[in-house]
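What follows is a single structure, written as structure tokens, with notes after it.
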Amino acid sequence: EAEFGIGVLGPPSAELHAEHCADDPYVIAFRAGHALQKRRRVGWKDLQAWRVVALRSTSANRQQIDEALAAAGIASPWFDEVEHLSSMLGLLRGGVGIGVLPRLALHAGAAVDLLSRPLHSPDVVRRIGLLKRRDTRLSRPAEDLWDMLRQQLMHHG
């Protein structure tokens with residue numbers, strides 16, 4: 001039985017207390033030597049010129065991006081899609097394309113060999129936070145872990 005969780009925040013819930021800790025922006029990732037390496041930021045519209053790999057269309061990340069692009073009147077730039085982050089990282093490392101993923105996922109995937117640039121116009125971010133049931137009180141160790149995780153997330157967000 002878990003006392004709390006960490007995840008992407010959705011709409012408010014009557015059953016859950018959610019504490020927003022960080023914004024996790026989407027980035028474009030690629031291997032060294034790519035033309036995008038010379039840029040500081042990349043606009044979503046600029047992606048039409050490249051082979052862009054995305055996470056599968058049923059993923060919450062992809063749905064969030066597709067909704068934001070549709071609202072901004074920008075055509076989806078997807079050339080291909082993958083089921084798993086590890087598949088995307090393999091394609092990027094092989095130079096098959098460039099990929100859109102959350103910044104924290106890039107770091108979590110230990111992709112230190114890949115470069116990334118922030119995406120803008122529109123800015124699309126995942127809201128990351130800590131979650132617990134409203135009707136429970138955390139144990140002392142869980143409360144300490146909650147505080148440590150909050151500090152780390154706020155530092156990286």
Across the stretch 7-21, in residue order, what do the Karplus-derived ³J(HN,Hα) couplings come to in whole Hz, using 6.51 cos²θ - 1.76 cosθ + 1.60 with θ = phi - 60° and x for Gly and Pro? x, 7, 7, x, x, x, 10, 5, 8, 10, 9, 10, 10, 5, 10
About the Cα centre, charge dipole magnitude for the stretch 9-81 (Lys/Arg +1, Asp/Glu -1 at Cβ), debye: 640 debye
About its Cα centre, what dipole magnitude does the stretch 100-156 give when the only charges are +1 on Lys and Arg Cβ and -1 on Asp and Glu Cβ, stated in debye to the nearest 20? 260 debye
Per the charge dipole of the chain (beta-carbon charges, Lys/Arg positive, Asp/Glu negative, Cα centre), the residue among SER59, VAL27, VAL8 reaching farthest to the positive end is VAL27
What does the charge count around LEU89 come to, taking other residues whose C-beta lies under 12 Å from its C-beta (Lys +1, Arg +1, Asp -1, Glu -1)? +1
Under 5 Å, built H, 5+ apart or other chain: amide partners of LEU9: ARG127, ILE128, GLY129
Of (1) 18.1; (2) 16.9; (3) 18.7, the label for Kirkwood radius over Cα pairs in Å derived from the coordinates: (2)
What percent do you get for the relative contact order of the chain when only Cα pairs under 8 Å and 6+ apart count? 46 percent
Can you bin every Cα-Cα distance in the stretch 89-157 into 10 Å intervals starting at zero and give me the percent of pairs per bin, rounded to whole numbers? 15, 36, 26, 17, 6
Show me, for the stretch 28-40, the HN-Hα J-couplings you get by feeding each phi into the Karplus relation (A = 6.51, B = -1.76, C = 1.60, θ = phi - 60°), rounded to Hz, glycine and proline as x. 9, 10, 6, 8, 4, x, 5, 4, 5, 4, 6, 9, 8
What is the local net charge at ALA32, summed over the other residues whose Cβ is closer than 15 Å to its Cβ (Lys, Arg +1; Asp, Glu -1)? +4
So how far, in whole Å, is the C-alpha centre of the stretch 81-157 from the one of the stretch 1-57? 7 Å
Cα→Cβ-extended label distance, 7 Å offset, between ALA49 and ASP113, nm: 2.7 nm
Å² of accessible area per residue within the chain, as computed with a 1.4 Å probe and no ligands counted: 58 Å²
Ellipticity estimate at 222 nm from DSSP helix runs (n ≥ 4, -39,500 (n - 2.57)) divided over the chain, nearest 500: -8500 deg cm²/dmol
The chain - charge dipole about Cα centre, Lys and Arg +1 at Cβ, Asp and Glu -1, debye rounded to 20: 640 debye
Full-extension gain in nm, GLN64 to ARG133, via 0.36 nm per residue minus C-alpha separation: 22.3 nm
FRET efficiency for GLU81 and LEU145, Cβ-Cβ distance as r, R0 = 30 Å, nearest 0.05? 0.30
Residues whose built amide H sits under 5 Å from the amide H of GLU81, excluding neighbours closer than 5 in sequence, are ALA54
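The values are calculated or read from the model by the stated rules, or taken from the named source; none is laboratory data. A quick note: this is a predicted structure, and the numbers were derived from the prediction, not measured. Don't worry about glycine lacking a Cβ; one is built from the backbone with ideal geometry, like all the others, and counts go over all protein chains shown. Areas reflect the complete protein model, heavy atoms only, side chains present, ligands, DNA and RNA absent. Shrake-Rupley method; radii C 1.70, N 1.55, O 1.52, S 1.80 Å.
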